[in-house]
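This report refers to the structure that appears directly beneath it.
Every number in this text was worked out from the coordinates using simple rules, so none of it is lab data. The structure displayed is predicted, hence computed values, not measured ones. All Cβ positions, even for glycine, are placed from backbone atoms using ideal geometry, and neighbour counts span all protein chains on display.
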Amino acid sequence: MVAVYIRKDGEVCLSLLAKEPKVRKKDRGTCGAKTRRGTKCQAPPVWDKDNDVAKNGRCKLHGGKSTGARTEKGREAIRESNRRRAKVKQASSGEQNIERMGESV
């Protein structure tokens with residue numbers, strides 16, 4: 001398929017190897033995830049340049065960038081991070097309970 005492009009400077013370009021015309025950035029759509037304010041996210045989705053399609057329809061802030069750890073070493077690092085965060089949270093919530101008990105006495 002032959003694709004015809006008009007560049008920003010006005011020059012017309014032909015692409016003989018294009019499978020389909022490339023999707024313009026303004027026609028790519030938006031993330032659409034629900035934000036804290038209750039509105040839809042207006043950020044563009046993460047784009048696969050090789051296939052010229054959205055990877056999963058979400059922006060990098062709402063799940064379009066990472067697919068999670070793939071190796072056992074990476075998964076173990078995430079588990080350890082979660083354990084550390086849980087300990088910190090548990091310790092801080094215990095301190096708050098002690099403070100509350102002291103105020104009521």
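Per-structure values
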item	result
Sorted peptide list for 85-93, 5-13, criterion being average Cβ within 10 angstrom, highest first	85-93, 5-13
Cα gyration tensor shape of segment 23-73, rounded if a/c is under 1.5, else prolate or oblate by comparing a/b with b/c	oblate
Net +/- balance of residues flanking ARG79 in space, Cβ distance below 15 Å, scoring K and R +1, D and E -1	+4
